[in-house]
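Values in this text are rule-based calculations from the coordinates and carry no lab data. Please read all numbers here as calculations on a predicted model, not as lab measurements. FYI the Cβ positions are ideal-geometry reconstructions off the backbone, even for glycines, and counts take in every protein chain you see.
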Amino acid sequence: MGEPMNKAVLDFELEAALRAREPLLWLNPRWQSAQNELPRLSLDFASIKDAEARLSRLAGVLRHCFPELSSSGGLIESPLLAVPRLQSAFAARAGKWFIKADHALPVAGSIKARGGIYEVLLHAETLALEEGLVSASDDDRMAMSSVASRKLFARHTIAVGSTGNLGLSIGVMAAALGFRAVVHMSADAKEWKKERLRRLGVRVIEHAGDFAQAVAAGRQQARDEPRTHFVDDESSRALFLGYAVAALRLRQQLASADIAVDVEHPLFVYLPCGVGGAPGGITFGLRHVFGDHVHCFLAEPTAAPCMLLRLAAQTPAAVSVYDIGLDNRTEADGLAVGRASDLAASLIQHLVAGIFTVPDDDLFRDLYRLECTEGVRIEPSAAAGFRGPLWLETSSARAYLDRHALSERLPHAHQLLWTTGGAFVPAEEYARFHATGCRLAHTEEVRSERLR
Ligand SMILES: *Cc1c(COP(=O)(O)O)cnc(C)c1O
């Protein structure tokens with residue numbers, strides 16, 4: 001730990017900057033066109049459509065479990081918001097800013113509502129089919145909320161390891177269908193997330209270690225228990241596909257808002273990244289939908305740039321941020337991951353445009369700025385992408401913009417900040433974020449005035 005990595009593996013300057021926790025933008029040297037890359041991957045567009053179809057088939061069951069979904073017909077979806085005041089506050093000129101408001105996703109209050117709930121539904125449907133409670137030849141799934149189904153699910157356990165939000169999403173959905181649920185929480189997990197789960201009757205097991213250790217403990221325990229399904233955030237295809245469905249939904253939303261995505265109107269998307277499943281699945285989906293007209297950038301804390309490290313180092317061995325002397329300590333609990341998912345890394349290694357890093361102070365400044373300008377409240381992790389459009393205006397992005405002939409098209413671009421969590425943050429907790437952000441925003445203004 002803390003030893004320099006093999007220089008042949010990771011560029012020396014990049015490693016030094018990561019070690020020093022300097023915010024930086026890394027451009028992906030192995031970017032590929034959608035046409036070249038997508039046919040080579042082990043998951044395809046049909047697998048996203050299949051996940052979307054399953055979510056439609058099960059919308060009635062979701063509506064039955066969660067009355068708050070009645071207005072959306074059982075779909076868990078978030079709005080697309082124009083944020084002109086936030087854009088002005090950043091004095092950002094390029095393109096037009098939007099937020100994809102996954103911080104407000106119903107049921108789970110975070111982006112994990114997409115992947116987590118999908119995987120629980122898939123498992124439940126599989127069991128119900130095996131037991132003959134529903135039939136493969138008929139799309140009616142309402143029997144999955146019957147007493148007979150609850151009895152079946154009560155004999156089964158769903159387990160997961162999490163830094164908080166995935167546990168919340170899995171626990172809420174599993175409990176609603178009548179499963180037993182066990183959530184292994186890493187040390188980063190916030191107390192209120194554990195409390196919320198305990199109130200639903202979910203068993204919360206606290207671990208002193210980080211995300212990878214909580215996942216390993218959960219995986220091990222699930223292996224020893226009968227009738228237990230472990231939702232593996234480091235390798236689950238179901239989670240990944242549940243996230244990918246967001247791309248199909250976004251396509252519809254952009255079309256209804258008359259927002260074109262084409263060669264003249266590129267779409268830039270900025271996605272907070274932890275283990276890589278959520279931003280990876282969405283990137284995968286978006287490259288299927290918009291090909292080379294969409295440019296997906298991931299955002300990671302300076303203390304936990306695990307996907308950057310994984311993709312830049314190009315090593316097949318598991319590489320973690322601890323290997324370069326970082327500590328994975330960040331207030332962005334949703335992103336506190338030391339080692340990226342191999343599944344996500346291998347699927348997106350040629351699809352992402354780049355990855356940038358963000359110090360915690362900027363997360364607080366930006367969540368504060370968002371509330372001041374647009375009245376929207378998010379958790380720190382969800383602000384990770386906000387500096388993305390600013391990076392595009394720096395020389396660090398030049399090579400990418402040139403390669404894709406984007407410089408002259410930036411004025412017509414749409415800039416999409418994906419906010420990933422926050423709706424359920426308790427008021428006292430949010431007040432603390434707000435106060436921290438307010439104090440830090442002020443120090444940043446003073447600093448930039450001195451520079452002028
Ligand atoms: C989990 C999470 C992410 C990132 O998702 P990964 O699949 O871990 O990369 C981003 N933001 C929030 C709030 C999250 O909970």
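Within a Cβ distance under 13 Å of ALA159, other residues only, what is the Lys/Arg minus Asp/Glu net charge? Here the count lands on 0. Projecting the Cα atoms of VAL215, PRO226, CYS306 onto the charge dipole of region 188-314 (Cβ charges, centred on the Cα centre) puts PRO226 farthest toward the positive pole. If I model a spin label at GLU13 and GLU429 as a point 7 Å from the Cα along the Cα→Cβ vector, what separation in nanometres do I get? With each label point 7 Å from Cα toward Cβ, the separation is 4.1 nm. By the helix-only formula, in which each DSSP H run with n ≥ 4 contributes -39500 (n - 2.57) and the sum is divided by residues, the chain has a 222 nm mean residue ellipticity of -13500 deg cm²/dmol.
Roughly how many debye, to the nearest 20, is the charge dipole of region 122-164 about its Cα centre, given +1 on each Lys and Arg Cβ, -1 on each Asp and Glu Cβ, and no other charges? Intermediate values should be presented prior to the final figure.
Numbers: 4 positive and 6 negative charges, 64 e Å.
In total the dipole reaches around 300 debye.
Length gain on complete extension for the stretch ALA53 to LEU200, per 0.36 nm per residue less the alpha carbon to alpha carbon distance?
Values: separation 147, 0.36 × 147 = 52.92 nm, distance 2.87 nm.
Contour length minus Cα-Cα distance gives 50.1 nm.
Remark: spin-label model distance ASP139-ALA208 equals 5.3 nm, labels positioned 7 Å along the Cα→Cβ axis.
Compute the angle between helix 165-177 and the longest alpha-carbon principal axis of the chain, please, reported from 0 to 90 degrees and rounded to the nearest 10. So the inclination is approximately 20 degrees.
Since only GLY285, ASN328, LEU370 are under comparison, the one whose Cα sits farthest along the positive direction of the charge dipole of the chain, derived from C-beta charges on Lys, Arg, Asp and Glu, is LEU370. Taken about its Cα centre, the chain carries a charge dipole of roughly 540 debye when the Cβ of each Lys and Arg holds +1 and the Cβ of each Asp and Glu holds -1. Computed from Cα atoms, the angle from the helix 360-374 axis to the main principal axis of the chain rounds to 80 degrees. Label-to-label distance, LYS151 versus HIS404, with points set 7 angstrom from Cα along the beta-carbon direction: 5.5 nm. Near the amide H of HIS156, within less than 5 Å, lie the amide hydrogens of ARG180, all on another chain or at least 5 residues away, with H placed in the peptide plane. Taking 0.36 nm per residue of separation and subtracting the Cα-Cα distance, full extension of the segment from ARG329 to ARG93 would add 81.7 nm.
A simple packing score, the average count of other Cβ atoms within 10 Å per residue, orders the peptides 353-366, 133-146 as 353-366, 133-146, with the highest score first.
Using the beta-carbon distance between ALA318 and PHE45 and R0 = 30 Å, what value does 1/(1 + (r/R0)^6) give for FRET efficiency, to the nearest 0.05?
Working: r = 29 Å, r/R0 = 0.98.
Here the calculated transfer efficiency is 0.55.
Quick one: grab the alpha carbon gyration tensor of region 340-452, order the square roots of its eigenvalues as a ≥ b ≥ c, and give me rounded if a/c is under 1.5, else prolate or oblate depending on whether a/b is larger than b/c. Oblate.
Placing +1 on each Lys and Arg Cβ and -1 on each Asp and Glu Cβ, with no other charges, gives region 25-96 a dipole about its Cα centre of roughly 240 debye.
Legend: calculated FRET efficiency, ASP224 to ASP292, from the Cβ-Cβ distance at R0 = 51 Å, rounded to 0.05, equals 0.65. Listed by chain and number, the lysines placed with their C-alpha closer than 20 angstrom to that of LYS112 are LYS49, LYS100, LYS190, LYS193, LYS194; residues fewer than eight positions away on the same chain are left out.
Normalising by the residue count of the chain, find the relative contact order in percent from Cα pairs under 8 Å and 6+ residues apart. The partial results should precede the final answer.
Numbers: 907 pairs, mean separation 99.8, N = 452.
Rounded, it is 22 percent for the chain.
In plain terms, the chain from HIS412 to ALA82 could stretch by 117.3 nm, reckoned as 0.36 nm per residue minus the Cα-Cα distance.
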